[in-house]
Structures are given as structure tokens and as C-alpha cells.
Amino acid sequence: MIPVFYDLHIHSCLSPCGDNDMTVNNLLNMSLLKELDLIALTDHNTCKNVPALLKAAQDAPITVLPGMELTTSEEIHVVCLFSSLDGAMGFDRYVWERLPNLKNRVQIFGDQLILDAQDHVIGQEEKLLVNATSIPIAEVPGLMRRFGGLCYPAHIDRASYSILSNLGFIPTEYGFHTVEVAKPDEFFADGNNLSIKECYTVLTSSDAHYLEDISEREHVIHLDTADYAGLAARLL
């Protein structure tokens, strides 16, 4: 196995809370400067900037995974990662149909910019992306199998939009084998929450909305290959 330095939770300027400097080339180049091996673009409830990032990164010495941070009907954030662009965009369409038909108010929530591989703005998503979808969390693992992906609860240690804050526990019947913990030093301090470590693979990513927040070369996972297949073999 090889050590893979990763950040699997990064937002672009398509996320309304993402800074407009989070263009696909800026976040790609920042990830390269920080010598990361594996990254994922996980905008809120959309994959529409993934095609641009994959094209921009096609000759770069880094693996980029298509992804999304889904908001379930319970207002739980789930990181979804995909083995292919087709699977990601198929899920994008599925989610878009299950988002409330509420228009983004740019002056309140910010822009939702869709880019090409040269960072040119080619459109804006008009639906507000930070709303909860009508997809319950119990359905997400099955949807990932359908669209060729994997998923795990995001930032479970946060006081909002997490599975622990909203449900109080992680139901075993959902079949999750992995969780994301935003601040593991605090979450596991003094021997707390050791059952999470015993039962799940724990990942820590940046949830970056600004360029400077993208992870340094600090979070490492050992995989057979630094790609989706290697990650799936470890996390599923």
C-alpha cells in the first residue's frame, strides 16, 4: 500500500458559500502547491463544476474525483464520491429534480458560478443549492450503488448539518463504513468517541470554501492505488 495525502471535501465558487476565487484552476493549483495526491470537488448538491476541473487537471500529477456534498431531507450533509463523470452527472440530475424550486438570492447567499476549464463563467445555477433535498439519508447508500459511487456522513462532530447532531447516532442499517471528522483531536480527546474509531474508517478533510483552507499535506490514507478504485477498496 502507498501513502496518499488527500482532501476529499472541497467547494468551488459554485457553492453559494464558496469564495469566488475558488475557481477550478485556483483550487487545483493550490492543491498542487500543497503537494496533495488525491482531491475531490464536493459542491453543495451539484456536480456542475466537476467537468471543468477534470479537464483542467487531466495532465496534472494529482488524482481528482467527481464528488458532491449532498444535503439530505433530514439536513444531514453526506460526502458522495464517484467512479466516473457520467455517474456524477447522472446523480447531479437526480438531485437537481429533488431540490426545492427556490431561486438563489445572490445578494444574500452569494454567486453560484458554473465554469469551463479555463475558469470562464459559462453560467449560474439559479436554484439555491444549500437547501435540503427530498432524499432521505437511508436512501443515499443505495443511490451510490446505482450511480457508481460511495458515500459517508460529513463532519459528524459539528453541531449542525451532521448525522450525530440531527439523529444523535449512526444507524447501523444504513451500512456506512466511513465517517468524516472535522476536528479529530477534539472529538477523540480524553478517550471520547472511541467506538467511532473502532467501527469506522475516519477521514478528515478541509471542507474548504476559501483557497487558504485547502488541506496541507497532513491527512494521509494508505491505499493500493491513489484513485477511486483504491479508495473504494478501503472505504466500502
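The values are calculated or read from the model by the stated rules, or taken from the named source; none is laboratory data. In this text, all values refer to a predicted model and were calculated from it rather than measured experimentally. Glycine gets a Cβ as well: all are built from the backbone with ideal geometry, and neighbour counts include every protein chain shown. What goes into the accessible areas is simple: the full protein's heavy atoms, side chains included, and nothing from ligands, DNA or RNA. Shrake-Rupley method; radii C 1.70, N 1.55, O 1.52, S 1.80 Å.
Remarks
- Selection within segment 37-67 - over 16 Å from Leu231 (Cα atoms) and hydrophobic (A, V, I, L, M, F, W, C): Cys47, Val50, Ala52, Leu53, Leu54, Ala56, Ala57, Ala60
- Cross-chain or 6+ apart pairs with Cβ under 8 Å, segment 31-50 first and more than 21 Å from Ala88 (Cα to Cα) and among the hydroxyl-bearing types (Ser, Thr, Tyr), then open to solvent by less than 10 Å² (accessible area, probe 1.4 Å) and part of a loop (DSSP other than H, G, I, E, B): Ser31/Ile214
- Residues (within 24 Å of Val95 (Cβ to Cβ) and open to solvent by 40 Å² or more (accessible area, probe 1.4 Å)) located in segment 1-14: none
- Conditions (1) under 30 Å from Gly110 (Cα atoms); (2) part of a helix (DSSP H, G or I); (3) without any contact (Cβ under 8 Å) to a residue 24 or more places away in the chain; number of the one not met by Lys197: (1)
- Top-ranked residue in segment 15-27 [being of a type outside the set (Val, Ile, Thr) and closer than 14 Å to Ala56 by Cβ; ranked as most open to solvent (accessible area, probe 1.4 Å)]: Asn26
- In the condition set (1) outside any loop (DSSP other than H, G, I, E, B); (2) touching a helix residue (DSSP H, G or I) at 6+ places or on another chain (Cβ under 9 Å); (3) within 24 Å of Leu211 (Cβ to Cβ); (4) not aliphatic (A, V, I, L, M), Cys17 is compliant with all but (1).
- The listed residues are Pro136, Pro153, and the only one of them that is surrounded by fewer than 18 Cβ atoms within 10 Å (Cβ to Cβ) and on the phi < 0 side of the Ramachandran plot turns out to be Pro136.
- Taking every residue in segment 75-87 that is within 18 Å of Leu129 (Cβ to Cβ) and pairing it with any residue that is open to solvent by 10 Å² or more (accessible area, probe 1.4 Å) and modelled with pLDDT under 95, at least 6 positions away or on another chain, yields no pair with a Cβ-Cβ distance below 7 Å.
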